[in-house]
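Notes follow the structure.
The values are calculated or read from the model by the stated rules, or taken from the named source; none is laboratory data. Computed from a predicted structure; not experimentally measured. Here the Cβ is made from the backbone with ideal geometry for all residues, glycine too, and neighbour counts use every protein chain on show.
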Amino acid sequence: MPKNRVAVIGVGETVFKNNIVDKTYVELAQEAAKAALDDAGLTPDDIDAVVFSMAPTEFMGVNDVEKWAVDSVWASGKPFMRVHTGGATGGSALHAGYAHVASGIYPTVLVVGADRVTETPDAQHVLNLIWDPFYEQDFALNTVTMTALSTQRYMHRYGTTEEQYARVVVRSRKNALNNPYAHLKGKITVDDVMKSPRMSWPYKLFDICPRSAGGAAVVLANEEVTKRRCSRPAFINGIGGMTSTVFMGDRVGPFADAELSDEAEFVSAGKEAYAQAGITNPMKEIQVVELYDPFSSVQFPQLESLGFCERGQAQNLSDEGAFEMGALLTVNPSGGTLCSNPIGVTGLVRVADAALQIMGKAGEGQVAGVKNALSTAIGGSVQFVNLTILGADYV
Amino acid sequence: MTDTYILGLAMHPPSAWIADKRLEEMVFDTAEAALKDARIARAELDHVTIATCDELDGRSISSMLLSAPAGAYLKDEIKTTDSGLIGLCLEVMRIESGRFHLGLLSSWNKSSKAPFEDVMRMRCEPFYTRDVGLNMSIADGFFAQAVSGAYGISESDVNGAIQSSYKQASKNERGMRPTVPSLEQIRTSPYVSVPLRKIQQAPVTDGGVSMVICSGAWLSKHPDRRPLARLSGLAWRVDNYQLGGARLSGLLGFKETFRKAVAMSGLQNFSQVDLIELDSQTGFHEVAYRRALDLPSTCQVSPSGGPFAQNPYFCTGLVHAAEAVLQVSGRAGAVQVPGAKRAAAHGCHGFAQQGNAVAIFEGA
């Protein structure tokens, strides 16, 4: 139980697409911040502190780019910090904002960020630089080849097929049709996915997220401000996070503390968050999940590690339609990361989309009767994981 | 007033170039030493906070390789990228949230790894300032011009302050033990950005610092543990990106950050603060800061020597926090201020101190 309860009272997102040519980076962040403030019915003067969400700044070519954005997100004269945990950044930034409010030091906090991944000619060249310069960079590792390796291991262990991953893509693109901000969307078939160009086995092009530009923001508030300002907030009832080793080889085999292909760091992070939120049966008590899934293979191990089903069962439930809109568990009603990936804020987009479901503001993508929603984020060599549990009521 | 305590700390011995260790080894050694100082096993930690800069570390997500050496393996860890002292701000809020109770905070800077001024130049936005070639030295030169006018600072004021800082730094066994330059050497040092001369800048070094931090609730359950200090006040703030005259000469962010930290500590002014460790990156900063705060004579300024003792640029503010904790716990050695009960640490970041942070510690 935190010292002070925390809720999301405003959400803002920009459109996500390959290039946004009519706005600079800082204008994108401002658009998201303004949308969140408008949603909360607040002005910049109502904000006590700002947390900025941004992953590697090489993507858009300005070091410490958050300092440039200070004036645009109305942070000048206020406490301000940037959080960066790779792809997990948006979730970590939310947790940092949560700490601001839960500590009782700041009543109202803006968590905001933006990314322009396509400012760099090839993000995967930048992402090769995240590995050890002596041992790993020369192996042509990037986030595609890295997760392809762990996916191969998962397929070997649980008998997953490429077609089962293709169904995830089909569902995500279909869900994204209801999301006005999504980058990729549309009615595609399993055959379309299977026939898309091979990238790194088992991945085809459609198994992989786009490189997106865009921004996102949420306004967090303490109980007193929430009561005054928001009739239907999304209460943050649980948070959890876990950092593992960078070395993938240390996460496979009988002596691994957390199995790489299972994304098993989510097991203990999930238990911690569930304990805070009073969740004992996730599949029964949580209606919506917004999973960080930049690749089609990333959903299944997360769902299993987070206790929604047994190991190796998520693929079968997926085939049976259990993760469709309004089914047993709605997985990524927004289309998820497979459809939009502005890396520096993707984890925050996951929180924002989960909050919209609780707040009843998800529009055409609204799932009926959402009482609890869960969002995740993953970064590094699938080594930084975090999750946030939002509820319609305080625990 | 917070209910957060410093249980132990360690600083890596600074050097202009730590050539015999990888960055991972530097970070591991420092984190391990802090845990030993606190008599804490890593398994007892419930979270880790990291403060580091990818660009200065030379890696796109530096914590990928460095979180484990920093003690974060299978821990709930978050990294902030502004400065070491901002890392302390995040760490304190995580403790104060009631969600966490025992954490390890680490920050470092192997400045010798990266072309420092190139990294700084890439901070410039691409439309106006990058083509100008702005870097840290030029931004500090603008600052020097602005505060010289606003505070009536002469070159002899600056040179005297520089020599005093070097003298103090030469006494600090945890620092670089620099040779004290003569006034003539300072006066004839080449300009790097008028009116700033080379010897008037604090030399950048390699270094790192780790702290073990706990909640009051944790201490209550471990009555055998005696903390080094309590964190009584904390404030941080960022100001405009643009290097306008008002921001450079007004020192508004600097003064307001100190005012808020003092207020959070339940104090009226600096008369109850025994010492302040200032992040004076140049002699102009040192003189301007002293005049802006109008400190009483009872408050000593930078007994450690400040950045002139060691200046692992990204984490210099957290080094100052460590020095402040050592002072109030009576462990500051040759630079100990007798009877120090309360000490403030200052850190800044961004071009010409766009961001400021202040932490105030009191003996526990």
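Residue check: is residue A:76 within 30 Å of residue A:273 (Cα to Cα) and surrounded by fewer than 24 Cβ atoms within 10 Å (Cβ to Cβ)? Walk me through it before giving the result.
Details: within 30 Å of residue A:273 (Cα to Cα): no; surrounded by fewer than 24 Cβ atoms within 10 Å (Cβ to Cβ): yes.
Spelling it out, it is not the case that residue A:76 is within 30 Å of residue A:273 (Cα to Cα) and surrounded by fewer than 24 Cβ atoms within 10 Å (Cβ to Cβ).
Would you mind stating whether residue A:135 is modelled with pLDDT of 95 or more, part of a loop (DSSP other than H, G, I, E, B) and surrounded by fewer than 22 Cβ atoms within 10 Å (Cβ to Cβ)?
So residue A:135 fails the test.
Going by the structure shown, is residue B:11 within 21 Å of the chain's Cα centre (by Cα), part of a helix (DSSP H, G or I) and under 28 Å from residue A:105 (Cβ atoms)?
Details: within 21 Å of the chain's Cα centre (by Cα): yes; part of a helix (DSSP H, G or I): no; under 28 Å from residue A:105 (Cβ atoms): yes.
For residue B:11, the condition - within 21 Å of the chain's Cα centre (by Cα), part of a helix (DSSP H, G or I) and under 28 Å from residue A:105 (Cβ atoms) - is not met.
Anything in the range B:217-240 that is under 27 Å from residue B:356 (Cα atoms) and either surrounded by 24 or more Cβ atoms within 10 Å (Cβ to Cβ) or more than 10 Å from chain A (Cβ to nearest Cβ) (or both)? List them, or say none. Reasoning before the result, please.
Taking the range B:217-240 first, the residues under 27 Å from residue B:356 (Cα atoms) are B:227-240.
Hits for the range B:217-240 are B:227, B:228, B:229, B:230, B:231, B:232, B:233, B:234, B:236, B:238, B:239.
Conditions (1) more than 7 Å from chain A (Cβ to nearest Cβ); (2) crowded, with 23+ Cβ neighbours inside 10 Å; (3) touching a Ser or Thr at 6+ places or on another chain (Cβ under 7 Å), marked per residue:
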position: B:46; (1), (2), (3): yes, no, no
position: B:49; (1), (2), (3): yes, yes, no
position: B:56; (1), (2), (3): yes, yes, yes
position: B:62; (1), (2), (3): yes, yes, yes
position: B:69; (1), (2), (3): yes, no, no
position: B:76; (1), (2), (3): no, yes, no
position: B:82; (1), (2), (3): no, yes, no
position: B:91; (1), (2), (3): yes, yes, yes
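Looking at the range B:170-182, is at least one residue surrounded by fewer than 17 Cβ atoms within 10 Å (Cβ to Cβ), farther than 16 Å from residue B:200 by Cα and within 14 Å of chain A (Cβ to nearest Cβ)?
No, the range B:170-182 contains no residue that is surrounded by fewer than 17 Cβ atoms within 10 Å (Cβ to Cβ), farther than 16 Å from residue B:200 by Cα and within 14 Å of chain A (Cβ to nearest Cβ).
Return the only residue of B:156, B:164 being surrounded by 16 or more Cβ atoms within 10 Å (Cβ to Cβ), on the phi < 0 side of the Ramachandran plot and small (Gly, Ala, Ser).
B:164
Quick one: would you say residue B:253 is closer than 25 Å to residue B:155 by Cα, within 14 Å of another protein chain (Cβ to nearest Cβ) and in contact with a strand residue (DSSP E or B) (Cβ under 6 Å, 6 or more places away or on another chain)?
yes
If we keep just the residues of the range A:142-195 that are of a type in the set (S, T, N, Q) and part of a loop (DSSP other than H, G, I, E, B), which is surrounded by the most Cβ atoms within 10 Å (Cβ to Cβ)?
A:179
Considering only the range A:129-142, I want to know if a residue exists there that is under 22 Å from residue A:350 (Cβ atoms) and touching a Lys or Arg at 6+ places or on another chain (Cβ under 7 Å).
Yes, the range A:129-142 contains at least one residue that is under 22 Å from residue A:350 (Cβ atoms) and touching a Lys or Arg at 6+ places or on another chain (Cβ under 7 Å).
Given the structure, is residue A:40 over 30 Å from residue A:275 (Cα atoms), in contact (Cβ under 8 Å) with a residue 60 or more places away in the chain and buried (at least 24 other Cβ atoms within 10 Å of the Cβ)?
Here the answer is no, as residue A:40 does not meet what is asked.
Output the residues belonging to the range A:125-147 that are in contact (Cβ under 8 Å) with a residue 60 or more places away in the chain, farther than 15 Å from residue B:59 by Cα and among the aliphatic types (A, V, I, L, M).
Result: A:144, A:146.
Return the total of residues in the range A:331-366 being out of contact with any Phe, Trp or Tyr (no Cβ under 7 Å at 6 or more places or on another chain) and closer than 15 Å to residue A:171 by Cα.
8
Just the residues that are more than 11 Å from chain A (Cβ to nearest Cβ) and either under 28 Å from residue B:38 (Cβ atoms) or modelled with pLDDT under 95 (or both), please, taken from the range B:256-269.
Selection gives B:261, B:262, B:265, B:266, B:267, B:268, B:269.
So that you can scan it fast, the table gives a plain yes or no per residue for (1) touching a Leu at 6+ places or on another chain (Cβ under 7 Å); (2) of a type outside the set (Asp, Glu); (3) surrounded by fewer than 24 Cβ atoms within 10 Å (Cβ to Cβ); (4) in a helix (DSSP H, G or I):
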position	(1), (2), (3), (4)
A:267	no, yes, yes, yes
A:271	no, yes, yes, yes
A:301	no, yes, no, yes
A:309	yes, yes, yes, no
A:316	no, yes, yes, yes
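To keep it simple, each residue is scored yes or no on (1) out of contact with any strand residue (DSSP E or B) (no Cβ under 7 Å at 6 or more places or on another chain); (2) part of a strand (DSSP E or B); (3) buried (at least 24 other Cβ atoms within 10 Å of the Cβ).
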{"residue": "A:352", "(1), (2), (3)": "no, no, yes"}
{"residue": "A:358", "(1), (2), (3)": "no, no, yes"}
{"residue": "A:368", "(1), (2), (3)": "yes, no, no"}
{"residue": "A:373", "(1), (2), (3)": "no, yes, yes"}
{"residue": "A:376", "(1), (2), (3)": "no, yes, yes"}
{"residue": "A:386", "(1), (2), (3)": "no, yes, yes"}
{"residue": "A:389", "(1), (2), (3)": "no, yes, yes"}
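Per-residue answers, yes or no, for (1) of a type in the set (Asp, Glu); (2) not in a helix (DSSP H, G or I):
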position	(1), (2)
B:86	no, no
B:91	yes, no
B:99	no, yes
B:104	no, yes
B:119	no, no
B:124	no, yes
B:130	no, yes
B:153	no, yes
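Pairs under 6 Å by beta carbon, first residue more than 7 Å from chain B (Cβ to nearest Cβ) and farther than 10 Å from residue A:53 by Cβ in the range A:76-87, partner buried (at least 24 other Cβ atoms within 10 Å of the Cβ) and not aliphatic (A, V, I, L, M), six or more apart or different chains?
Every condition considered, the pairs that remain are A:87/A:379.
Are any residues in the range B:66-88 in contact (Cβ under 8 Å) with a residue 40 or more places away in the chain and closer than 18 Å to residue B:312 by Cβ, and if so, which ones?
Within the range B:66-88, B:66, B:69, B:70, B:82, B:83, B:84, B:85, B:86, B:87, B:88 meet the criteria.
Out of A:378, A:389, A:358, I need the residue that is within 26 Å of residue A:232 (Cβ to Cβ) and within 14 Å of chain B (Cβ to nearest Cβ). Which one?
After applying the criteria, what remains is A:389.
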